[in-house]
Amino acid sequence: MNKNRSMFMYGIMILFLLVIPFVYDSRTLLILLTQVFIFAIFAMSYDLLLGYIGIVSFGHAMFFGIGAYTIGIFMKRFEPTMSYLFIALLVTILLTAIISFFIGLLTLRLKSHFYAMLTLAFSGLFLVLAEKWRTMTYGNDGFTFRVPDFLKDRTEFYLICLVLMVLVFLVLRRFIHSPLGRVILAIRENEQRTESLGYNVLHYKIIASVVSGVIAGTSGMLYSISLRFVNTSVFSMDITLDALLMTIIGGVGTLVGAIIGSGLIEFAHHWLTEMAKTHWIFERWIIFFGIIYILAVMFFPQGIVGTLKRLRWRKDKK
Amino acid sequence: MELFFNLTLNGLATGMLIFLLAAGLTLIFGLMDVLNFAHGGLFAWGAYSGTWIYASTGSFFIGIMGAVATGMLLGWIIEKWMIKPVYGNHVQQILITLGLMLVLSELLKVVWGPNQISASPPDVLKGSWVIGDIIIIKYRVFIIAVGLLIFLIVQYILKRTKIGLVVRAGVMNKEMVQSLGINIHKVFMLVFMVGAGMAALGGVLVGPYSGVIHAGMGMEFAILAFIVVVIGGMRSFPGSILAAILVGLSGSFMAYYVPDLSLAVNMLLMAVVLIFRPKGLFGLKG
Amino acid sequence: MNVQLRLNEIETYIGQYHILQGISFEVNRGEVTVLLGRNGAGKTTTLRTMMGLNPASKGVIELNGEQIHRYPTYTIAQKGIGYVPEDQGIFPELTVEENMKVAIKKENEETSERQDYILDLFPDLKKYWKRNGGLLSGGQKQMLSIARAYVNNNKLLLIDEPSKGLAPIMVEKVMESILQMKEKTTIVLVEQNFRMASTIGDHFYIIDDGKTVQNGRMNVLRENEEMRRKYLGIA
């Protein structure tokens with residue numbers, strides 16, 4: 001009963017979002033929502049790691065950046081056509097898969113602290129690499145590039161991102177409910193017990209981290225396509241922090257929470273940046289979110305979605 | 001050889017600054033199993049508050065004291081309200097301390113503005129001595145001296161006092177220490193505050209060394225400190241000073257000869273150590 | 001008979017595992033009360049719950065009439081309870097001397113006397129006074145652990161499987177030391193070695209599947225082969 005009801009709600013939301021560009025004539029809103037979709041995909045990939053397996057990564061920006069630069073480089077150095085886009089996509093998937101596999105293999109058997117530090121280190125390495133390899137990346141300044149024609153239209157791109165976001169959501173849902181996904185949930189519940197039941201825990205963690213990395217990479221691709229520009233900021237700590245904030249505040253381990261978190265953060269960012277023009281305190285908006293984030297981790301580990309679910313569950317019980 | 005000497009001095013000074021950060025991290029991690037990702041924020045707050053107090057009072061010494069006091073106060077608040085409640089849950093700890101780092105850095109900008117602030121050493125420490133061809137910058141020697149002093153003091157406390165004994169025992173077996181009737185939470189608080197104080201000290205010292213302070217410096221030094229903590233052995237106090245000197249020296253030499261690679265090499269070193277020798281190069285055995 | 005410690009329907013969870021499902025027993029002052037039972041029955045967990053290391057979710061623990069089950073571990077220890085855990089809990093990188101030092105709450109004439117007493121009982125400890133605890137043999141570690149629990153004027157000692165993994169001659173030594181300490185303090189002993197348990201124990205409780213199922217005077221159990229076979233798997 002509950003499931004059908006939420007499916008219905010989601011359906012309405014999606015319909016609503018589909019219709020917006022045709023009803024509401026605001027370029028700003030369109031671009032903003034597109035960003036929300038893109039970051040929702042990124043945040044969902046992060047939620048897979050944090051919410052479903054319980055791994056804290058400080059280097060998620062790494063995959064985001066790889067995707068962003070790959071498409072940029074291909075579009076710039078070759079031609080902005082569909083075929084090259086496709087190749088860039090393949091390369092992104094390959095690169096992110098290999099790197100997340102490699103890093104996962106080496107570090108997932110260590111304690112959470114080590115994984116966090118190591119991903120921080122690798123992420124930093126990529127940032128330095130992007131800064132120094134000027135011939136490829138043009139360093140800090142970055143570069144602009146053209147995109148294939150059909151992606152040029154804002155509305156079409158909006159719809160593509162919306163569809164992709166829903167797709168990723170459904171795919172991840174499927175993944176979690178699959179036998180593979182169940183093992184991963186079991187690992188989150190009680191790693192030792194799952195291991196003693198004969199499952200190679202490391203194996204499953206790596207699979208999940210590869211899936212996560214690949215999805216993050218594709219979101220990075222979408223990001224730079226939307227801007228037609230890429231620079232070292234895609235590898236910055238800020239990006240990883242965004243994912244963290246969105247996932248935690250929205251609700252870890254819920255997938256939907258990542259989408260909601262993305263919406264909240266992106267809208268707040270936009271709104272507060274506008275407000276900053278009037279009063280400087282709004283420039284420091286991130287403190288506000290930082291505090292909410294800390295409170296969320298301490299008191300509402302389930303975030304908004306989780307807390308709502310719990311409230312609804314309690315009401316149903318009566 | 002003048003170049004070599006200069007690079008060495010520079011490396012040692014930087015090493016000592018990193019040591020002040022890393023020492024606290026090592027003690028806190030060793031005893032409490034908490035990796036304080038907000039430690040860099042304490043460093044930055046030490047820098048800003050210390051420099052400001054120095055500018056307001058005209059006394060560098062008071063500035064240092066003020067910075068350390070600020071650090072310890074912040075440490076007390078953080079431990080009591082944010083670390084203690086989530087004690088035992090690693091994921092929450094990591095997330096909270098990271099968020100705290102963010103908030104601390106941003107708060108700095110709110111209080112002191114987003115721009116860089118310049119800092120210079122007090123007159124008595126300005127300038128340098130000249131011995132033959134070699135120029136020895138006084139302030140660098142000062143930093144090295146302070147670092148060594150702190151190391152010796154803490155080492156003495158650890159080895160020769162009851163509280164130090166309790167801390168060392170706690171690193172080895174927290175449960176047993178409690179079973180012997182010792183309130184381990186008080187010890188945690190003390191260690192956290194001392195660690196925070198040391199971080200703040202590092203911060204206030206670095207200002208005149210590099211000439212400017214900015215809100216991002218906390219993160220920069222923190223990353224180096226993490227590298228040092230890992231290389232030196234996550235729970236080894238003597239390991240942390242050795243590793244800090246190593247990282248400081250290597251950074252100094254590389255910054256001169258191959259500047260592009262220096263940070264990358266440090267990170268690579270950390271990655272390698274984490275992967276192949278998680279106990280660090282100088283860590284405790286077993 | 002003077003009841004020093006009482007546990008009433010104690011239940012403890014470790015994670016989601018319901019380890020203790022109803023532990024109740026009384027410890028009389030000056031006696032050695034033995035907790036017996038198969039591996040995994042919950043004996044160690046019972047001691048840990050008493051020390052507050054795995055707090056009870058239900059039930060009451062009373063020490064001299066005072067309810068202590070909600071206190072933190074260090075407060076419980078401060079009430080005069082000494083704990084000798086199954087793995088001895090020796091600080092490996094501290095010397096024997098330092099291990100003792102951590103344990104001594106207040107250095108005065110009394111603790112000094114007690115330390116002399118216990119060191120006379122365990123001369124090996126005096127011999128290896130400056131050696132790191134991690135380098136001691138199993139038996140020596142056990143002695144150190146017992147010495148640490150003894151040196152403060154603890155009125156109650158909780159000792160977990162002191163004979164485990166020790167050579168017979170060491171077991172004798174440990175038994176002897178416990179018998180000597182019995183004169184000055186009350187002891188709760190978890191022990192699989194039945195010979196040892198029956199020699200020094202006064203009262204016994206059998207724990208099975210997390211519940212206390214039987215109890216009585218030790219001399220009774222010595223005679224009752226059927227009970228021994230049923231709950232302890234021995235003849």
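Counting only DSSP beta bridges with both residues in chain C, the antiparallel share comes to about 55 percent. For the range A:125-130, putting each phi into the Karplus relation 6.51 cos²θ - 1.76 cosθ + 1.60 with θ = phi - 60° gives couplings of 4, 5, 4, 4, 4, 5 Hz, in residue order, rounded to whole numbers and with x for Gly and Pro.
For the protein assembly as shown, the fraction of C-alpha pairs more than 36 angstrom apart is 56%. Normalising the Debye intensity of the range B:2-215 to I(0), with uniform scatterers on Cα atoms only, and taking log10 at q = 0.10 Å⁻¹ returns -0.47.
In the neighborhood of A:Arg109, defined by Cβ-to-Cβ distances under 13 Å, what is the net charge if each Lys or Arg adds +1 and each Asp or Glu adds -1? It would help to have the intermediate numbers written out before the result.
Numbers: positive: A:Lys111, A:Lys205; negative: A:Glu191, A:Glu195.
Charge balance in the 13 Å sphere: 0.
Evaluated at q = 0.11, 0.15 Å⁻¹, a Debye calculation over the C-alpha positions of the range B:137-286 (equal weights, vacuum) places log10 I(q)/I(0) at -0.51, -0.92.
With the simple spin-label model, which puts each label point 7 Å out from Cα in the Cβ direction, the B:Tyr257 to B:Ile131 separation comes to 2.4 nm. Within the straight-line cut-off of under 23 Å between alpha carbons, the lysines reachable from C:Lys58 are C:Lys43, C:Lys79, C:Lys211, sequence neighbours fewer than 8 places apart in one chain being disregarded. For the protein assembly as shown, DSSP calls about 65 percent of its internal beta bridges antiparallel. The calculated FRET efficiency for A:Phe288 paired with B:Leu149, based on their beta-carbon distance and R0 = 35 Å, is about 0.30.
Quarter the surface of the alpha carbon convex hull of the range C:70-113 and you get the mean projected area, 4.1 square nanometres. Largest GNM mean-square fluctuation across B:Leu12, B:Leu165, B:Leu108, computed for chain B with C-alpha springs under 10 Å, falls on B:Leu165.
Note on chain C: Cα-only Rg and Dmax are 17.2, 50 Å.
So what's the gap between the Cα centers of the range B:12-69 and the range C:52-130, to the nearest angstrom? A separation of 37 Å, based on Cα centres. Here the label points at C:Gln214 and C:Gln67, each 7 Å from Cα along the C-beta direction, are separated by 3.3 nm in the simple model.
Note on chain B: lysine pairs with Cα distance below 22 Å, sequence gap of 8 or more or different chains, count 14.
Applying D = kT/(6 pi eta Rh) to the range A:50-177, where Rh is the Kirkwood radius over alpha-carbon pairs, T corresponds to 37 °C and eta to 0.692 mPa s, the Stokes-Einstein value obtained is 197 µm²/s.
Note on the range A:24-245: Rg/Rh from C-alpha atoms, Kirkwood Rh, equals 0.99. Stokes-Einstein diffusion of the range C:104-235 at 4 °C, 1.567 mPa s viscosity, Kirkwood radius from Cα pairs, rounded to a whole number: 80 µm²/s.
How much FRET efficiency would the formula 1/(1 + (r/R0)^6) give for C:Ile14 and A:Leu18, where r is the Cβ-Cβ distance and R0 is 60 Å, rounded to 0.05?
On the way: r = 51 Å, r/R0 = 0.85.
Computed FRET efficiency for C:Ile14 and A:Leu18 comes out at 0.75.
Here C:Lys230 is the anchor, and the aspartates and glutamates within straight C-alpha reach of less than 18 Å, apart from those fewer than 8 places off in the same chain, are C:Glu191, C:Asp208, C:Asp209.
Axis angle, to the nearest 10 degrees, between helix C:138-151 and the longest C-alpha principal axis of chain C: 90 degrees. Taking a span of 24 Å or more along the helix axis (Cα atoms) and a mean Kyte-Doolittle hydropathy of at least 0.0 as the rule, the DSSP H helices of chain B that qualify are B:2-32, B:39-57, B:60-78, B:90-112, B:138-160, B:184-210, B:237-257.
All Cα-Cα separations within the range B:1-65 were binned at 5 Å from zero, giving a P(r) of 4, 15, 15, 16, 17, 16, 11, 5, 1, each value a whole percent of the pairs.
The largest-to-smallest principal axis extents of the Cα set in the range A:122-207 are 52, 36, 15 Å. Indicate the gyration tensor shape class of the range C:38-105 (rounded, prolate or oblate), computed on the Cα atoms with a ≥ b ≥ c the square roots of the eigenvalues: a/c under 1.5 is rounded; otherwise a/b larger than b/c is prolate and the rest oblate. Cα axes put the range C:38-105 in the oblate bin.
Any idea how far the Cα center of the range B:160-187 sits from the one of the range A:178-234, in Å? A separation of 40 Å, based on Cα centres. Residues considered: C:Leu20, C:Leu158, C:Leu221. Largest GNM mean-square fluctuation over chain C, using C-alpha springs under 10 Å, is found at C:Leu221. Restricting the calculation to alpha carbons of the range A:38-116 gives Rg and Dmax of 14.6, 45 angstrom.
In this structure the amide hydrogen of C:Leu5, modeled in the peptide plane, comes within under 5 Å of the amide hydrogens of C:Val27, C:Asn64, none closer than 5 places in sequence on its chain. Look at where the Cα atoms of the range C:148-193 and of the range B:219-266 average out, and the two centres are 49 Å apart. Remark on the range B:102-183: ratio of C-alpha radius of gyration to 2.2 N^0.38 Å is 1.82. The GNM of chain C, with springs linking C-alpha atoms under 10 angstrom apart, assigns the highest mean-square fluctuation among C:Ile68, C:Ile169, C:Ile178 to C:Ile169. Computed from backbone phi, the HN-Hα couplings of the range A:16-29 come to 4, 5, 5, 7, 3, x, 8, 9, 9, 9, 10, 5, 4, 4 Hz, rounded to whole numbers (Karplus: 6.51 cos²θ - 1.76 cosθ + 1.60, θ = phi - 60°; Gly and Pro given as x). Label-to-label distance for A:Glu274 and A:Arg173 is 3.1 nm, based on points extended 7 Å past Cα in the beta-carbon direction. Set the Cα radius of gyration of the range C:52-176 against 2.2 N^0.38 Å, with N its number of residues, and you get 1.10. Taking amide H as placed 1.01 Å from N in the peptide plane, A:Val252 has its amide H under 5 Å from the amide H of A:Gly303, each at least 5 places away in sequence or on another chain.
Computed from the coordinates by the stated procedures, all read-outs in this text should not be read as laboratory data. Here the structure is a predicted model, which means the values were calculated and not measured. Note that we place each Cβ from the backbone using ideal geometry, even for glycine, and neighbour counts take in every protein chain shown.
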